[in-house]
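K.L.:
Have a look at the structure that comes next, please.
The values are calculated or read from the model by the stated rules, or taken from the named source; none is laboratory data. All values derive from a computational prediction rather than experimental measurement. Neighbour counts run over all protein chains shown; Cβ positions are idealised from the backbone, glycine included.
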Amino acid sequence: MSIDASTESRTRATWHQFCDALKEAGDLLIEPGVPQDEQTQADGLRYLSRMARAALEWYVEFNDPAFPVLYRPAHETIKLGADNPDNLYQKAVIDGRYEYRLRGTRGTVDYISMATSRGSYAENFTQVETGFLDGNTLTVEADGTFEIIISQTQQAGNWLTVSEDSESLLIRQTFRHRDQERPAEITIERLDRHATPEALELMTAIAHFEKATAFYRNTTRMFADWSQKISQQPNTLPLWDQAFCQMVGGDPNILYYHGHFKLHNEEAMVITLPSIPACQTWNIQVDNYWMESLDYRYHWVSLNQAQASVNDNGSVTLILSATDPGCANWLSTAGHSEGTLCFRWVGAEVSVNPQVTVLPVGDIEKLEALETPSI
C-alpha cells in the first residue's frame with residue numbers, strides 16, 4: 001500500500017531529525033569547561049557514535065513489549081553513566097499491563113538485582129522504580145533454576161512487581177571476579193501472548209525513531225551536565241544525592257559516589273578508605289570525562305572488595321596514576337590526564353567518606369599505610 005504525501009513527509013522528517021540530533025551533539029565537544037586535550041576529544045567522538053548505537057538498539061531494535069528480549073544495554077563498546085566494569089547489564093522493554101515470566105539458572109555471580117521502572121531518558125530523564133528483587137530474597141531450586149513472575153497482581157513464589165505504566169526491566173549481575181564466576185542465564189517471555197510478531201508498521205517505526213532521537217539528545221545532554229558538575233570539584237570523591245540517583249535508575253541497595261581526577265604524569269591520587277563497613281561489596285572505577293568506564297578489557301581501571309588489599313588497621317589505600325607505582329591497589333588512568341570516578345557501596349548502611357590526596361608518584365612509598373597490607 002502506498003503512503004500519502006503527509007506520511008511520506010513525516011517519514012523523511014523523522015530521519016532528518018535523527019540525523020540533526022547526531023550533528024547537534026557534536027557541539028558538546030567544544031562547550032566551555034570541556035577538556036580540549038586529544039584524549040578527551042577522541043573519547044568524545046567515539047562516545048557520540050556509541051550513544052547513537054545505543055539509541056537504535058534500545059528504541060528501534062528491542063522495543064516491542066509484546067515480544068521482549070533481554071539485551072545488553074551497556075557493555076565493552078557501549079558505555080554510559082559510569083557503567084560498572086563488574087556488571088553484566090541486561091534490559092528488556094515491558095508493558096505493565098501485561099504479565100511476564102523470567103526463567104533462569106542462578107549461576108555463581110555474587111550479586112544480582114532486578115528492577116522494573118517507569119519513565120525513560122527518552123521521555124523525562126527519569127527511571128522511577130516500580131518493583132525490585134535481588135539475589136538475597138530470590139528463591140532458587142536445588143538444581144539452581146528459578147522462575148519469577150512480573151505482574152501487578154501478587155504471585156506465589158518469586159514475584160517482581162510492576163505498575164500499569166512500567167516500561168522497562170533492568171537486571172544487574174555484579175561479579176567479584178568476573179573470570180571465576182558464572183553469570184545467571186535468564187530468558188523472558190510474555191505470558192498471555194504466544195503468536196509470532198507481526199510485520200513492522202510504518203507508524204510504529206516512526207514512533208521508535210522519534211524515541212531514539214529523544215533518547216540521544218536527552219542522554220548526551222544529561223551526562224555532559226553531570227560531568228560538568230563533577231569537574232567543578234577537582235580531585236574529590238563525594239557522596240551524591242541518593243534520591244537523585246534513585247530517580248534516574250540507580251539500584252536502591254547501592255550508595256553512589258561520583259568524583260573527579262586531574263593529574264600530571266608524575267602525580268598520583270591517593271584514596272584512603274578509613275574503614276570498611278558491613279556490606280555485600282564495594283567497588284571503585286575510573287571513567288573518562290564522558291562518564292564511560294575506561295577500557296577494562298586491557299587496563300586495570302576498577303577494584304572491588306574481593307580484589308583489594310586491606311591495611312592491618314582495617315583501612316584501604318587506593319592509588320590512581322598513569323604508571324604502576326609498584327604497590328597494592330593500583331588503578332590505571334589508561335592514558336587519561338583528566339576524568340571522572342564512581343564509587344559504589346552495595347548493601348552498606350553506613351556511608352564511608354573517602355579521603356583524597358594528590359602526591360608525587362615518588363612519595364607514595366613513604367605512605368605508612370602501604371607498608372603492612374594484608375589480604
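K.L.:
Are any of the residues in the range 304-315 touching a helix residue (DSSP H, G or I) at 6+ places or on another chain (Cβ under 7 Å) and surrounded by fewer than 22 Cβ atoms within 10 Å (Cβ to Cβ)?
P.N.:
Yes, the conditions are met somewhere in the range 304-315.
K.L.:
Determine whether the range 11-28 contains at least one residue that is acidic (Asp, Glu), outside the structural domain of residue 259 (by TED's automatic domain parsing), within 19 Å of residue 218 (Cβ to Cβ) and in contact (Cβ under 8 Å) with a residue 24 or more places away in the chain.
P.N.:
Kept after step one, since they are acidic (Asp, Glu), are these residues of the range 11-28: 20, 24, 27.
Restricting the remaining residues to those that are outside the structural domain of residue 259 (by TED's automatic domain parsing) gives 20, 24, 27.
Those still in the list that are within 19 Å of residue 218 (Cβ to Cβ) too: 20, 24, 27.
Add one more test, that the residue is in contact (Cβ under 8 Å) with a residue 24 or more places away in the chain, and what stays is 24.
Checking the range 11-28: at least one residue is acidic (Asp, Glu), outside the structural domain of residue 259 (by TED's automatic domain parsing), within 19 Å of residue 218 (Cβ to Cβ) and in contact (Cβ under 8 Å) with a residue 24 or more places away in the chain.
K.L.:
Based on this model, can you work out whether residue 52 counts as touching a residue at least 60 places away in the same chain (Cβ under 8 Å), in contact with a Ser or Thr (Cβ under 7 Å, 6 or more places away or on another chain), under 30 Å from residue 296 (Cα atoms) and not basic (Lys, Arg)? Quick ask: steps written out before the conclusion?
P.N.:
Numbers: touching a residue at least 60 places away in the same chain (Cβ under 8 Å): yes; in contact with a Ser or Thr (Cβ under 7 Å, 6 or more places away or on another chain): no; under 30 Å from residue 296 (Cα atoms): yes; not basic (Lys, Arg): yes.
Considered against the rule, which asks whether it is touching a residue at least 60 places away in the same chain (Cβ under 8 Å), in contact with a Ser or Thr (Cβ under 7 Å, 6 or more places away or on another chain), under 30 Å from residue 296 (Cα atoms) and not basic (Lys, Arg), residue 52 comes out as no.
K.L.:
If you don't mind, there's one more thing I want to ask. Filter the range 335-359 for residues that are surrounded by 19 or more Cβ atoms within 10 Å (Cβ to Cβ) and either over 20 Å from the mean Cα position of the chain (by Cα) or under 12 Å from residue 263 (Cβ atoms) (or both); which is modelled with the lowest pLDDT?
P.N.:
352
K.L.:
Same structure, new question: Given the condition among the aliphatic types (A, V, I, L, M), over 30 Å from residue 297 (Cβ atoms), out of contact with any Phe, Trp or Tyr (no Cβ under 7 Å at 6 or more places or on another chain) and at pLDDT 95 or above, answer yes or no: does some residue in the range 106-126 qualify?
P.N.:
No: the range 106-126 contains no residue that is among the aliphatic types (A, V, I, L, M), over 30 Å from residue 297 (Cβ atoms), out of contact with any Phe, Trp or Tyr (no Cβ under 7 Å at 6 or more places or on another chain) and at pLDDT 95 or above.
K.L.:
Same structure, new question: Within the range 330-340, can one find any residue that is in a loop (DSSP other than H, G, I, E, B) and aromatic (Phe, Trp, Tyr)?
P.N.:
The answer is no; no qualifying residue exists.
K.L.:
Could you figure out which of (1) in a helix (DSSP H, G or I); (2) closer than 30 Å to residue 136 by Cβ; (3) not aliphatic (A, V, I, L, M) isn't true of residue 365?
P.N.:
Here residue 365 meets the rest and fails (2).
K.L.:
Another question, if that's okay. Got a sec? Which of 143, 83 is in the same structural domain as residue 167 (by TED's automatic domain parsing) and either touching a Lys or Arg at 6+ places or on another chain (Cβ under 9 Å) or at pLDDT 95 or above (or both)?
P.N.:
143
K.L.:
Kindly evaluate residue 206 against the criterion of being aliphatic (A, V, I, L, M), in contact (Cβ under 8 Å) with a residue 40 or more places away in the chain and assigned by TED's automatic domain parsing to the domain that holds residue 115.
P.N.:
Considered against the rule, which asks whether it is aliphatic (A, V, I, L, M), in contact (Cβ under 8 Å) with a residue 40 or more places away in the chain and assigned by TED's automatic domain parsing to the domain that holds residue 115, residue 206 comes out as no.
K.L.:
May I pose another question? Looking for whichever is aliphatic (A, V, I, L, M) and assigned to a strand (DSSP E or B) here; the options are 255, 200. Which one fits?
P.N.:
Just one listed residue meets the conditions, 255.
K.L.:
Please pick out the residue among 308, 278 that is assigned to a loop (DSSP other than H, G, I, E, B) and more than 23 Å from the chain's Cα centre (by Cα).
P.N.:
Being assigned to a loop (DSSP other than H, G, I, E, B) and more than 23 Å from the chain's Cα centre (by Cα) holds for just one of 308, 278, which is 278.
K.L.:
Restricted to the range 155-183, and to residues that are under 14 Å from residue 92 (Cβ atoms) and part of a loop (DSSP other than H, G, I, E, B), which residue is nearest to the chain's Cα centre (by Cα)?
P.N.:
Selected residue: 167.
K.L.:
While we're looking at this one, here's another question. Could you tell me which of the residues 346, 310 is touching an Asp or Glu at 6+ places or on another chain (Cβ under 8 Å), over 25 Å from residue 265 (Cβ atoms) and in the same structural domain as residue 253 (by TED's automatic domain parsing)?
P.N.:
346
K.L.:
Go through the range 297-319 and give me each residue that's farther than 22 Å from residue 357 by Cα and in contact with a strand residue (DSSP E or B) (Cβ under 6 Å, 6 or more places away or on another chain).
P.N.:
299
K.L.:
Taking the range 222-242 as the search range and keeping residues that are within 18 Å of the chain's Cα centre (by Cα) and of a type in the set (D, E, K, R), which one is surrounded by the fewest Cβ atoms within 10 Å (Cβ to Cβ)?
P.N.:
Looking at the filtered set, the residue picked out is 241.
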